[in-house]
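Asker: This is the structure I have questions about; it appears just below.
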Amino acid sequence: MAQHDTSGLDPTFSAKSRRTMDVLRRIAIYLRPYKGRVAATVACAILSLLASLAFPKLTQFALDEIVAKQRAEMLPPVMLGLIGAFLLRDLFNALRILINNRLEQAVIFDLRRAVYARLQRLPVGWFDRRASGDLMTRIVEDVNAMERVLIDGLEQGSVAVLSVVGVAVILFWTQPALAAVAMIPIPVLAGGALWYTLTAHRRYRRQREAASALHALLMDNLQGIRQIKAFAREPHEDTRFAERADALRRATLGIMRAWAIYSPAMTYAGAVGFALVLWVGGSFVIAGRMTPGELVGFLFFLHMFYAPVGQLHALNQMLQSARAAGERVFDILDATPEREVHPGRKPLRTPVRGEVVFENVSFDYAEDKPALRNVSLHARPGEMIALVGPTGAGKSTLVNLLPAFYEPTAGRILVDGQDIREVALESLREHISVVTQEPFLFNGTIRENILYGRLDASEAELLAASEAANCHEFIARLPQGYDTRVGERGIKLSVGEKQRVSIARALLKNAPILILDEATASVDTATERLIQEALERLLANRTSFVIAHRLSTIRRADQILVLRQGRIVERGTHEELLSLNGLYAKLARIQGALLIEERFEMIES
């Protein structure tokens, strides 16, 4: 919805801080499967660098041995040698780019797949505290930032370091005095790099968090566009978006301001060093201690020394961005997946009969937020258990514990005598179907949404499930039939049509246990009748837990559980509860209220 905060940022995240080397070490793990490509990339970069070293030496030779001595016959072979060196440099560079691109995309793929796979296996409660837009930013943008330092940083960083060290050796070997002059700016360059490294991380973290907050708001508002328009809240949302966009703008400007000081200052320090060398070297040439060619060659080497130093500064900026992004990605990768501490769980024994027992089950969403207290129940195979109670009584929490979306704080849940904590999650959930009050459809075709219940179902089984769910008729009338795309969250279908498609999906799964949030209040009478017929077929011969909203549904239940404030306050059949003359009997006698929740409100008021 558009009216609540959706920043989605983990409140504990800002307190987490990983050292840069820790982040790099973990990122480097994703290079292990591609050691050959890494070696080939670095080798091509080094060979390209070595070919570049011919330029200063050949230039020096041309000036001192050809131009100064007027040996014109030697000019063509030397120049051809220079052209050949440039050709080798660019050929190796082209090969490096090709290998590097393949390596880059392979690592991005592995990183994204690892992050997404971990997301899929995190408990439902983990997602309750985070916004979808924030998670999307981490998977797309933060992974890209990590990949850049992983690939570009490795290649460019290693080549830059080799260049600095190699060229420094050449400088001191050829002209020690000038080399010493060239080192004068190094303390300034090193100090600037240290300052930037120590201060940049906070700026990049703020920028990544601001981007996530903006994306979270954008996704929330796109999904709630009808509510925004219905309440004419476009100006309000313009303001909210502007606030988030302005926070991102200010965070980005903070990075740019620091870089605007840092980068030119480092460039200026290098230029001062270059000018000092030219100053001293020029005096050496005038004094006859150097030839003009030696000075020019030294200056070319000096450029090859300062250029990678500047490149290392740019890599430092990339590194700080990757560190901030890596923290956010590892926040996902380090999260504990569902039931990680109990590997090797057994599957449910088949055939699953559907006997469900809750033994003194309690659950808290937080320490100060109890949801269920000492709930015990016994559902025999094929029975229908109706759950009734006011909003917030714990009905949804109870049914969410059965497929282990949440783990009980105390007590245990048994399916056919097996404690579900000792059952493999995949096996448990394969035998439970869920139909929610607000059915969710994926942005695909109707066929894909129904087949989600059982991916390997035949066409005949698909059609049988659709007919049993009373949706085949309306699907057949669509221009593209089962291949009609339903839009995001099924927006192209009516509420009743979506409900029947979700029932068809559950029928196709054919699980022995059913969780049903039964609600037809927002559909017309004819559609309600079709849905009720479909639900009767779905409920047949299954153990079902129905969050009931209508007395017509409740009367058919084998057991009715009346919940209030997380406890079962009454239980029995419709007739048994009427004879108790308790809370349920008062609900049943109220006339004129369509839904059970409305009857609770009338009693409490």
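The values are calculated or read from the model by the stated rules, or taken from the named source; none is laboratory data. Bear in mind that the values here come from a model prediction, so they are computed numbers and not experimental data. Note: ideal-geometry Cβ built from the backbone for every residue, glycine included; neighbour counts use all protein chains shown.
Asker: In the range 521-546, which residues are in contact with a Ser or Thr (Cβ under 7 Å, 6 or more places away or on another chain) and assigned to a strand (DSSP E or B)?
Answerer: Residue satisfying the conditions is V546 alone.
Asker: Something else now. Can you confirm whether the range 302-317 contains a residue that is surrounded by fewer than 22 Cβ atoms within 10 Å (Cβ to Cβ), small (G, A, S) and either in a strand (DSSP E or B) or touching a Pro at 6+ places or on another chain (Cβ under 6 Å) (or both)?
Answerer: no
Asker: Same structure again: Select from the range 393-446 the residues that are closer than 21 Å to A469 by Cβ, in contact with an Asp or Glu (Cβ under 8 Å, 6 or more places away or on another chain) and assigned to a strand (DSSP E or B) and list them in ascending order.
Answerer: Scanning the range 393-446 gives V435, T445.
Asker: May I ask you to verify whether T239 is out of contact with any helix residue (DSSP H, G or I) (no Cβ under 9 Å at 6 or more places or on another chain), in a helix (DSSP H, G or I) and either touching a residue at least 24 places away in the same chain (Cβ under 8 Å) or of a type in the set (S, T, Y) (or both)?
Answerer: yes
Asker: Over 28 Å from R556 (Cβ atoms), modelled with pLDDT under 90, touching a Ser or Thr at 6+ places or on another chain (Cβ under 7 Å) and of a type in the set (A, V, I, L, M, F, W, C), is that true of L516?
Answerer: Considered against the rule, which asks whether it is over 28 Å from R556 (Cβ atoms), modelled with pLDDT under 90, touching a Ser or Thr at 6+ places or on another chain (Cβ under 7 Å) and of a type in the set (A, V, I, L, M, F, W, C), L516 comes out as no.
Asker: Please identify the pairs in which a residue from the range 99-125 that is closer than 18 Å to R138 by Cβ has its Cβ atom under 7 Å from the Cβ atom of a residue that is at pLDDT below 85 and of a type in the set (F, W, Y), counting only partners at least 6 apart or on another chain.
Answerer: Pairs that qualify, where the first residue is closer than 18 Å to R138 by Cβ and the partner is at pLDDT below 85 and of a type in the set (F, W, Y), are V107/Y30; D110/Y30; L111/Y30.
Asker: Going by the conditions given, is V272 of a type outside the set (S, T, N, Q), under 25 Å from F61 (Cβ atoms) and touching a Pro at 6+ places or on another chain (Cβ under 7 Å)?
Answerer: no
Asker: Does the range 202-235 hold any residues that are free of Cβ contacts under 8 Å to residues at least 12 places away in the same chain and assigned to a helix (DSSP H, G or I), and which are they?
Answerer: Matches in the range 202-235: R202, L222, I225, R226, K229, A230, E234, P235.
Asker: Among the candidates A468, A476, which residue alone is more than 34 Å from the chain's Cα centre (by Cα) and free of Cβ contacts under 8 Å to residues at least 24 places away in the same chain?
Answerer: A476
Asker: Give the number of residues within the range 182-208 that are modelled with pLDDT of 80 or more and buried (at least 19 other Cβ atoms within 10 Å of the Cβ).
Answerer: Residues meeting the conditions: 5.
Asker: Look through E359, E383, E367, E355 and report the one residue that is among the acidic types (D, E) and either touching a helix residue (DSSP H, G or I) at 6+ places or on another chain (Cβ under 6 Å) or farther than 29 Å from R555 by Cα (or both).
Answerer: E367
Per-residue answers, yes or no, for (1) basic (K, R); (2) touching a helix residue (DSSP H, G or I) at 6+ places or on another chain (Cβ under 6 Å):
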position: K57; (1), (2): yes, no
position: Q60; (1), (2): no, yes
position: E65; (1), (2): no, no
position: L98; (1), (2): no, no
position: E104; (1), (2): no, yes
position: R112; (1), (2): yes, yes
position: P123; (1), (2): no, no
position: I139; (1), (2): no, yes
position: A160; (1), (2): no, yes
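Asker: Would you check which residues across the range 58-77 are buried (at least 16 other Cβ atoms within 10 Å of the Cβ) and not small (G, A, S) and list them?
Answerer: L58, T59, Q60, F61, L63, D64, I66
Asker: Now a separate question. Filter the range 447-465 down to residues that are in contact (Cβ under 8 Å) with a residue 12 or more places away in the chain and assigned to a loop (DSSP other than H, G, I, E, B) and give me whichever is farthest from F545 (Cα to Cα).
Answerer: Once the filter is applied, the top-ranked residue is A457.
Asker: Right, something else. Restricting the search to the range 96-147, which residues are in contact with a strand residue (DSSP E or B) (Cβ under 9 Å, 6 or more places away or on another chain) and either buried (at least 21 other Cβ atoms within 10 Å of the Cβ) or of a type outside the set (G, A, S) (or both)?
Answerer: D128
Asker: Are there helices (runs of 4 or more DSSP H) fully within the range 101-153 with at least 1 residues that are more than 13 Å from the chain's Cα centre (by Cα)? List them.
Answerer: By residue number, 124-128, 143-148.
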